[in-house]
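So the structure is just underneath, and the comments pick up after that.
The values are calculated or read from the model by the stated rules, or taken from the named source; none is laboratory data. Source: prediction; values computed, not measured. All Cβ positions, glycine included, derive from the backbone under ideal geometry; neighbour counts span all protein chains shown.
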């Protein structure tokens, strides 16, 4: 049993998701079994566990390989990870001849062609990447049954039988004065969303608009603009005050989850549900976010509009 153990970074849940996608082909190419071990260095981790699991990936997803959950990691290796965590950005290290440990996103030059890194700046994944990543998602990334049941129940009650426009709005750090990253700062322009949604509504009188967002004021905007066409899952969202905070290692995170691990774990569950519901829509309108890009990876044929491209904003397929 040779294990390739993927450890956490202090980032959002769907950046962690992209990290998993990147590592799977790298692990398999070296005849290692990929195991995801996300712990205390991400804000989603709860000391007492969540939904019967003790590591973040297994809060929401089945193990990548059915017979190799986190529990398959030997205790001495788990202890090693705690006292000698992999350096974020480095390739990783061999704990022994049967165990490789990393917190690598997949974009290190030494693993070029082995991993499958996902773009996170301005550009969305191209068609080839969407299909490659989609195959990994279908085979290895399976939401737990409790999540799938919640998604099915909401879809049947609110979405089935309608043309569906999915809208994902990344607010929080995108509108925070603390955000210094050019690809994220100023990426929320609600007027562009309104134009895109209005365009997609032409000829679809019965269409519903499923809005997923971390910012309550953005959801209010859509409800004011489009009325009872708008539906949303009942999720935690930012309401008032500074929208950005700091995660466990000091990285910028949404303020409403940055200081409360229990809320963060719950919000992770809600974000996965929203991702799965967006994946069932007929169109996607979004700004720059890992969650929206994960929808594009899961559904390679889903047409979309990115409201924060540097080139002229418009429909991308």
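Table for the structure above
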read-out: Segment 131-142 - residue that is farther than 16 Å from residue 65 by Cβ and surrounded by 15 or more Cβ atoms within 10 Å (Cβ to Cβ) and, of those, farthest from the chain's Cα centre (by Cα); value: 132
read-out: Qualifying residue in segment 18-37 (condition: surrounded by 15 or more Cβ atoms within 10 Å (Cβ to Cβ), part of a loop (DSSP other than H, G, I, E, B) and at pLDDT 95 or above); value: yes
read-out: Boolean, residue 130 is modelled with pLDDT of 95 or more and not assigned by TED's automatic domain parsing to the domain that holds residue 303; value: yes
read-out: Residue in segment 252-259 that is out of contact with any strand residue (DSSP E or B) (no Cβ under 9 Å at 6 or more places or on another chain) and either buried (at least 23 other Cβ atoms within 10 Å of the Cβ) or more than 25 Å from residue 306 (Cβ to Cβ) (or both) present; value: no
read-out: Condition met for residue 107 (in a loop (DSSP other than H, G, I, E, B), over 20 Å from residue 211 (Cα atoms) and under 21 Å from the mean Cα position of the chain (by Cα)); value: yes
read-out: Enumeration of residues in segment 112-135 that are in contact with a helix residue (DSSP H, G or I) (Cβ under 6 Å, 6 or more places away or on another chain) and closer than 15 Å to residue 26 by Cα; value: 114, 115, 116, 117, 118, 133
read-out: Residue in segment 217-233 that is closer than 22 Å to residue 16 by Cα and out of contact with any strand residue (DSSP E or B) (no Cβ under 8 Å at 6 or more places or on another chain) present; value: no
read-out: Among (1) in a strand (DSSP E or B); (2) in contact (Cβ under 8 Å) with a residue 40 or more places away in the chain; (3) within 24 Å of residue 275 (Cβ to Cβ), the one test that residue 5 misses; value: (3)
read-out: Of all residues in segment 89-104 being assigned to a strand (DSSP E or B) and out of contact with any helix residue (DSSP H, G or I) (no Cβ under 9 Å at 6 or more places or on another chain), the one that is surrounded by the most Cβ atoms within 10 Å (Cβ to Cβ); value: 93
read-out: Residues that are in a helix (DSSP H, G or I), free of Cβ contacts under 8 Å to residues at least 40 places away in the same chain and within 18 Å of residue 232 (Cβ to Cβ), drawn from segment 138-169; value: 152, 153, 156, 157
read-out: Total residues in segment 111-130, condition over 17 Å from the mean Cα position of the chain (by Cα) and surrounded by 14 or more Cβ atoms within 10 Å (Cβ to Cβ); value: 3
read-out: Residue in segment 40-62 that is surrounded by the fewest Cβ atoms within 10 Å (Cβ to Cβ), counting only those that are in contact (Cβ under 8 Å) with a residue 24 or more places away in the chain and in contact with a strand residue (DSSP E or B) (Cβ under 7 Å, 6 or more places away or on another chain); value: 61
read-out: Residue count for segment 38-61, restricted to those that are part of a loop (DSSP other than H, G, I, E, B) and either assigned by TED's automatic domain parsing to the domain that holds residue 246 or under 27 Å from residue 213 (Cβ atoms) (or both); value: 8
read-out: Residue in segment 184-195 that is buried (at least 23 other Cβ atoms within 10 Å of the Cβ) and at pLDDT 90 or above present; value: yes
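Residue-by-condition table, conditions (1) surrounded by 15 or more Cβ atoms within 10 Å (Cβ to Cβ); (2) closer than 11 Å to residue 169 by Cβ:
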{"residue": "202", "(1), (2)": "no, no"}
{"residue": "211", "(1), (2)": "yes, yes"}
{"residue": "215", "(1), (2)": "yes, yes"}
{"residue": "221", "(1), (2)": "yes, yes"}
{"residue": "236", "(1), (2)": "yes, no"}
{"residue": "239", "(1), (2)": "no, no"}
{"residue": "246", "(1), (2)": "yes, no"}
